[in-house]
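One structure is given below, encoded as structure tokens.
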Amino acid sequence: MNINNFYETERFKRNTTVKSIGTQGQQTLFDKKVLVAGAGGLGSGVISGLVSVGIGTIGIIDPDIVEISNLNRQFIHTEASVGKLKVESAYEWVKNYSPKTGIVIHKTRIEEGSDVEFFKDYDLIIDCFDSYKSKFILNKICIQIGLPLIHGGVEDFYGQVLTIIAGRSSCLNCLFETPDTQAKRTIGVISPAVNVISSIQSMEAVKFLLGFDDLLVDTLLTYNGLGQEFKKINLYKKPLCTGCGDF
Ligand SMILES: [Zn+2]
């Protein structure tokens, strides 16, 4: 996309009117590639956030199909997409909403030892996975490859966001030393909590890609929907961390 084209000028006028974005910042966003890991609840919010703001290319990873129980929160999928691959349903949503957005789908499950060479095509990764196991694997991969990661997690009325800069900042393992990644339970989650967290992840992405300071680096932002309370918790990079430590 090119901000000098009439279509882009009109479509993103309210973005470029924001003084700290302008036409130059908008072109920067057009030129960026962001990989969204998971096309579920957080993924729905993040994909719609990134497409709306004008990220030029969005990659989406998800091996799963749409199930009826996803529809309490995963709004880019519909009842008509039940049984389809989530990446295909997400692709249709993006193409309907913004035909000029580039979209690359990856129907793959990310596990230890997965081929993640394609990650290197992207400027930023956003963690929208729903399982703890996948989140910690993604954390490790991004640190090993040297890619920035915006983590988000939601449960019940609560959520959290952390931006992880490989080699420089604390990571998920600094936060949870021995995560219970084997736990197999269905987590309760409601759409307003998911939408708060995915919006904060999208905001972090825009700020990171535009080179703004004051990101949630070494700072865990937590959200309590019951008390309507946000808190910031300072984190420190642990030298012997199993995720980001030097070995
Ligand atoms: Zn760490």
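The values are calculated or read from the model by the stated rules, or taken from the named source; none is laboratory data. Everything numeric in this text was worked out from a predicted model, so none of it was measured. Here the Cβ is made from the backbone with ideal geometry for all residues, glycine too, and neighbour counts use every protein chain on show. These accessible areas exclude ligands, DNA and RNA; they are computed on the full protein's heavy atoms, side chains included. Shrake-Rupley method; radii C 1.70, N 1.55, O 1.52, S 1.80 Å.
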Residues in region 222-247 that are more than 16 Å from the ligand (Cβ to nearest atom) and either of a type in the set (S, T, N, Q) or open to solvent by 70 Å² or more (accessible area, probe 1.4 Å) (or both) total 8
For helices (runs of 4 or more DSSP H) lying entirely in region 1-59, having 2 or more residues that are closer than 22 Å to Ala90 by Cβ and either among the β-branched types (Val, Ile, Thr) or touching a residue at least 40 places away in the same chain (Cβ under 8 Å) (or both) picks out 41-53
Reported set for region 23-44 where residues are open to solvent by 10 Å² or more (accessible area, probe 1.4 Å) and in contact with a Ser or Thr (Cβ under 6 Å, 6 or more places away or on another chain) is Thr23, Lys33, Leu42
Among Ile105, Ile126, the single one that is aliphatic (A, V, I, L, M), touching a strand residue (DSSP E or B) at 6+ places or on another chain (Cβ under 9 Å) and over 17 Å from Leu209 (Cβ atoms) is Ile105
When region 1-17 is checked residue by residue, the ones that are farther than 20 Å from Ile103 by Cα, within 24 Å of the chain's Cα centre (by Cα) and open to solvent by less than 90 Å² (accessible area, probe 1.4 Å) are Asn15, Thr16
Checking the structure you have, find out if any residue of region 70-81 is within 25 Å of Ile165 (Cβ to Cβ) and among the small types (Gly, Ala, Ser). no
Exactly one of Ser20, Ser52 is closer than 17 Å to Ile103 by Cα, of a type in the set (Gly, Ala, Ser) and surrounded by fewer than 18 Cβ atoms within 10 Å (Cβ to Cβ), and that residue is Ser52
Taking region 60-74 and keeping residues part of a strand (DSSP E or B) and within 14 Å of the chain's Cα centre (by Cα) leaves Ile60, Ile61
Residue pairs qualifying under the 9 Å Cβ cut-off, at least six apart or on distinct chains, with the first in region 103-116 being at negative phi and the second being part of a loop (DSSP other than H, G, I, E, B) and of a type in the set (Asp, Glu), are Ile105/Asp62; His106/Asp62; Lys107/Asp62; Thr108/Asp62; Thr108/Asp115; Arg109/Asp62; Arg109/Asp64
